[in-house]
């Protein structure tokens, strides 16, 4: 996975029904419709591959396998 623009990640999360539930400094905490939560670096222009893999892994039980890769390839 390569770095992805933060705007793209936000747009995909919103399209899947996720919402921002809080911010702390330069980070945003996102929650899935089913209640799973994870954090993105809101102040960064792009999200790193490691962070993207973590977001995908944490939300995978609800959003399905490789949901992030599939959503970004559209």
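Taken together, the values in this text are just the output of simple stated rules run on the coordinates, not laboratory data. Given the structure is predicted, the values throughout are model-derived calculations rather than measurements. Don't worry about glycine lacking a Cβ; one is built from the backbone with ideal geometry, like all the others, and counts go over all protein chains shown.
Considering the chain as a Gaussian network with a 10 Å cut-off on Cα pairs, which listed residue, 13, 52, 36, attains the greatest mean-square fluctuation?
Most flexible of the set in this elastic network: 36.
Residue 70 label point, 7 Å along Cα→Cβ, cut-off 19 Å on backbone N: hits in the range 43-62?
The answer is 52-62.
For the chain, what does the helix formula give at 222 nm: sum of -39500 (n - 2.57) over DSSP H segments with n ≥ 4, over the residue count, nearest 500 deg cm²/dmol?
It comes out at -12500 deg cm²/dmol, rounded to the nearest 500.
For the chain, with a Gaussian network of springs between Cα atoms less than 10 Å apart, report the residue from 34, 25, 17 with the top mean-square fluctuation.
Looking only at 34, 25, 17, the largest GNM fluctuation is found for 25.
Can you sort 14, 1 so the residue with the fewest Cβ neighbours within 10 Å comes first?
Values: 14 12, 1 15.
With the sparsest Cβ surroundings first, the list reads 14, 1.
By counting other Cβ atoms within 10 Å of each Cβ, how are 21, 9, 4 ranked from fewest to most?
21, 4, 9
Convex hull over the Cα atoms of the chain, averaged projected area in nm²?
Computed as one quarter of the Cα hull surface, the answer is 4.3 nm².
Among 57, 45, 31, which one shows the highest mean-square fluctuation when the chain is modelled as a Gaussian network with alpha-carbon springs under 10 Å?
45
For 48, 26, which order do you get if you count the other beta carbons within 10 Å of each Cβ and list the fewest first?
With the sparsest Cβ surroundings first, the list reads 26, 48.
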